[in-house]
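Everything below concerns the one structure shown next.
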Amino acid sequence: MYFCRPFNKGEKSQQSDKHQNITIKVDTLSYKTISANKATVKKEWVIIDAADQVLGRLSSVAAIMLRGKHKPDFTPHVDCGDNVIVINAEKIRLTGNKAAQKYYLHHTGYPGGQRKVPYSRVKSRMPESVIERAIKGMLPKNRLGREMFRNLHVYAGNEHPHEAQKPKIINLDSIK
């Protein structure tokens with residue numbers, strides 16, 4: 001239901017006379033929002049050392065850097081994140097009793113084909129995939145997220161083949 005006052009042609013509202021001559025000038029040039037695009041984004045290379053770091057905390061920092069949310073010119077629909085190198089993936093740790101209780105699930109595609117693999121087996125065989133799966137789950141689930149994931153490089157040991165890019169070392173203890 002709508003309640004309104006009927007309009008009478010003969011009456012003139014006093015309030016409308018007060019506000020007729022007010023003009024507001026706005027400088028529109030100072031309010032432009034700059035949106036980054038693929039050509040204007042400056043991508044850097046960073047190294048994160050995973051030795052004795054908690055998996056979830058390391059993964060969230062890496063996902064933020066891959067997404068570009070730490071930059072002032074972050075644009076959600078553009079890949080403006082950095083290239084992230086994670087070294088010492090086999091030295092990652094979990095808190096609590098997760099190392100004994102955590103399982104990774106996948107499905108073969110056949111009926112009854114759900115498989116679960118314990119964390120200890122995955123870490124011993126492919127320590128890189130533990131970090132990759134954790135970070136991939138924190139990225140967008142679309143084409144842009146898959147493009148951002150290609151900027152992640154995880155290595156089990158201390159060595160990596162990206163010395164030519166002159167990566168910066170990020171200290172996770174200072175970010176906390």
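Each value in this text was obtained by applying a stated rule to the coordinates, not by laboratory testing. Values in this document were obtained by computation on a predicted structure and should not be read as measured data. Methodologically, a virtual Cβ is constructed for each residue, glycine included, from the backbone with ideal geometry; neighbour enumeration extends over all protein chains shown.
General observations
- Among (1) closer than 20 Å to residue 51 by Cβ; (2) under 21 Å from the mean Cα position of the chain (by Cα) - the single one residue 90 does not satisfy: (2)
- Within segment 68-98, considering residues that are in contact with a helix residue (DSSP H, G or I) (Cβ under 6 Å, 6 or more places away or on another chain) and part of a helix (DSSP H, G or I), the one nearest to residue 134 (Cα to Cα): 89
- Sole exception among (1) under 28 Å from residue 43 (Cα atoms); (2) without any contact (Cβ under 8 Å) to a residue 60 or more places away in the chain; (3) not small (Gly, Ala, Ser) for residue 95, by number: (1)
- Across segment 135-170, the qualifying residues are those that are part of a helix (DSSP H, G or I) and either of a type in the set (Gly, Ala, Ser) or touching an Asp or Glu at 6+ places or on another chain (Cβ under 7 Å) (or both), and the one among them that is surrounded by the most Cβ atoms within 10 Å (Cβ to Cβ) is 148.
- Checked against (1) buried (at least 17 other Cβ atoms within 10 Å of the Cβ); (2) farther than 13 Å from residue 46 by Cα, residue 83 meets all criteria but (2).
- Residue match in segment 30-53 (condition: assigned to a loop (DSSP other than H, G, I, E, B), under 25 Å from residue 141 (Cβ atoms) and either among the hydroxyl-bearing types (Ser, Thr, Tyr) or under 14 Å from the mean Cα position of the chain (by Cα) (or both)): yes
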